[in-house]
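The structure appears below as structure tokens.
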Amino acid sequence: MQVSVFASGSGGNCLLVSGGDTKLLIDAGISLRRTESALAQLGHRINEIGGVLITHEHSDHISGLKMLLKYHRLPVYAPRTVASRLRGMLPEIEGCLRVIPVGEAFRVGGLSVTAFHTPHDTDESVGYRVQGEGVFALATDMGAVTDEVEQALTGADTVLIESNHDEQMLCCGPYPVYLKRRILSERGHLSNAACARLAGRLAGSGTTRIILGHLSRENNRPELALEASRAALEGTGAWLCCAPVSGCLTVPVERRA
């Protein structure tokens, strides 16, 4: 089992989870051309994809969905409120949309998927836990780490978690006050420091690979995000990296021996 991150950040989000013969995209926030190109680099084609899991309806997570569905009628999985929003935004989604329960596992091919709520400034935003031969979990776009989020991430072998901003850069930066308050709120985005605390707890629960995602271009730098989490992971042996804004990062999802 492995995960390949094609993009992570406010400019677009999309990744591939592969387990056995089953391949799933999480979010479709980049162009169809970029998605097809990233898949081709891995030797895959888009018609091999078993479905697209949508976290929420913000444009950086769904901007490529319209063209994807125009040319490829893939199943699209989303929780009820997100599904309702998608119907209003994308009439072409009819016939492809699959409404999923939150907190209950469902199967797509050989993979078991469970959605869980993340606190963000939408009516319903979710992360995903995907289980095959290993367990991968993703949680971005959240202003706080709730018990539900932490429970869903705990014990996953590989995780992608949000390390959006450095608080000092954000507070001293050019954003207007209302936007700073939104980002810092419990329904905004997770700081490097909060992410690092979460990363340390996950490594203690058995997570061996941690990917830092959704870094702000204006209010963060990869070296700051990595520095914060490395300090929290000292002595755990966990592997750490930052997800690319664009490109392809492939990470194995393996049970610890």
Cβ pairs under 6 Å, 6+ apart or interchain, first in region 149-164 and at positive phi, second open to solvent by 10 Å² or more (accessible area, probe 1.4 Å), ordered by first then second residue, are GLY155/SER205; GLY155/GLY206
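Determine whether GLU94 is out of contact with any Phe, Trp or Tyr (no Cβ under 7 Å at 6 or more places or on another chain) and modelled with pLDDT under 95.
Numbers: out of contact with any Phe, Trp or Tyr (no Cβ under 7 Å at 6 or more places or on another chain): yes; modelled with pLDDT under 95: yes.
When the stated conditions are applied, GLU94 passes them.
Does region 144-151 contain any residue that is touching a Gly at 6+ places or on another chain (Cβ under 9 Å) and open to solvent by 20 Å² or more (accessible area, probe 1.4 Å)?
Within region 144-151 (the criterion being touching a Gly at 6+ places or on another chain (Cβ under 9 Å) and open to solvent by 20 Å² or more (accessible area, probe 1.4 Å)), the answer is yes, since at least one residue qualifies.
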Would you call GLY134 at pLDDT 95 or above, open to solvent by less than 10 Å² (accessible area, probe 1.4 Å) and closer than 21 Å to LEU74 by Cβ? no
When (1) assigned to a helix (DSSP H, G or I); (2) modelled with pLDDT under 95 are applied to ALA225, the one that fails is (2)
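For region 108-122, state whether one or more residues are among the hydroxyl-bearing types (Ser, Thr, Tyr) and without any contact (Cβ under 8 Å) to a residue 40 or more places away in the chain.
Within region 108-122 (the criterion being among the hydroxyl-bearing types (Ser, Thr, Tyr) and without any contact (Cβ under 8 Å) to a residue 40 or more places away in the chain), the answer is yes, since at least one residue qualifies.
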Taking region 36-57 and keeping only residues that are surrounded by fewer than 16 Cβ atoms within 10 Å (Cβ to Cβ), among the aliphatic types (A, V, I, L, M) and outside any loop (DSSP other than H, G, I, E, B), one is left with ALA40
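The values are calculated or read from the model by the stated rules, or taken from the named source; none is laboratory data. Computed from a predicted structure; not experimentally measured. Heads up, the Cβs are rebuilt from the backbone with ideal geometry, glycines too, and the neighbour counts pull from every protein chain shown. Ligands, DNA and RNA are stripped out before the accessible areas are found, and what is left, the full protein with its side chains, is counted by its heavy atoms. Shrake-Rupley method; radii C 1.70, N 1.55, O 1.52, S 1.80 Å.
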